[in-house]
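One structure is given here, and the rest of the page talks about it.
The values are calculated or read from the model by the stated rules, or taken from the named source; none is laboratory data. Every value quoted in this text rests on a predicted model; they were computed, and no experiment measured them. In this analysis, Cβ positions are derived from the backbone assuming ideal geometry, glycine residues included, and neighbour counts consider all displayed protein chains. Only protein heavy atoms, including side chains, enter the accessible area calculation; ligands, DNA and RNA are left aside. Shrake-Rupley method; radii C 1.70, N 1.55, O 1.52, S 1.80 Å.
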Amino acid sequence: MSVAAFLSPRLLTYVRQVFAEEAELLVATSWDELDAFVRRKPVSVVILDPLADGVMNVSAVAGLLTRYPSLPLIAYVSLTPPAFSAV
């Protein structure tokens with residue numbers, strides 16, 4: 001199972017621990033890189049934070065949902081009002 005992730009460094013630390021031995025974890029450093037992972041590899045799930053790059057990017061999340069409607073997306077966010085609004 002391949003998992004693609006685009007998360008803040010703090011959240012990524014937790015995800016790396018969870019998937020340390022169970023999956024191939026593809027770590028994106030940008031929305032474009034995340035999209036490239038999904039296009040090039042058979043990704044089972046995407047774990048993302050709309051604030052991963054420091055900017056609330058709901059349109060990037062919506063774009064992924066539009067381009068890959070059957071791909072499961074997991075929003076892994078900090079417990080803040082802006083993050084909840086994005087989800």
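The table below gives the values:
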{"read-out": "Condition check for Val38: in contact (Cβ under 8 Å) with a residue 60 or more places away in the chain, open to solvent by less than 90 Å² (accessible area, probe 1.4 Å) and not in a loop (DSSP other than H, G, I, E, B)", "value": "no"}
{"read-out": "Complete set of residues in the range 41-71 that are of a type in the set (Lys, Arg) and open to solvent by 90 Å² or more (accessible area, probe 1.4 Å)", "value": "Arg67"}
{"read-out": "Any chance Thr80 is modelled with pLDDT of 90 or more, more than 15 Å from Phe6 (Cβ to Cβ) and out of contact with any Cys (no Cβ under 6 Å at 6 or more places or on another chain)", "value": "no"}
{"read-out": "Residue among Ser44, Ser2, Ser59, Ser30 that alone is more than 15 Å from Tyr76 (Cβ to Cβ) and touching a Leu at 6+ places or on another chain (Cβ under 7 Å)", "value": "Ser2"}
{"read-out": "Filtered residues of the range 1-34 (kept if open to solvent by 80 Å² or more (accessible area, probe 1.4 Å), assigned to a helix (DSSP H, G or I) and within 18 Å of Leu64 (Cβ to Cβ))", "value": "Asp32"}
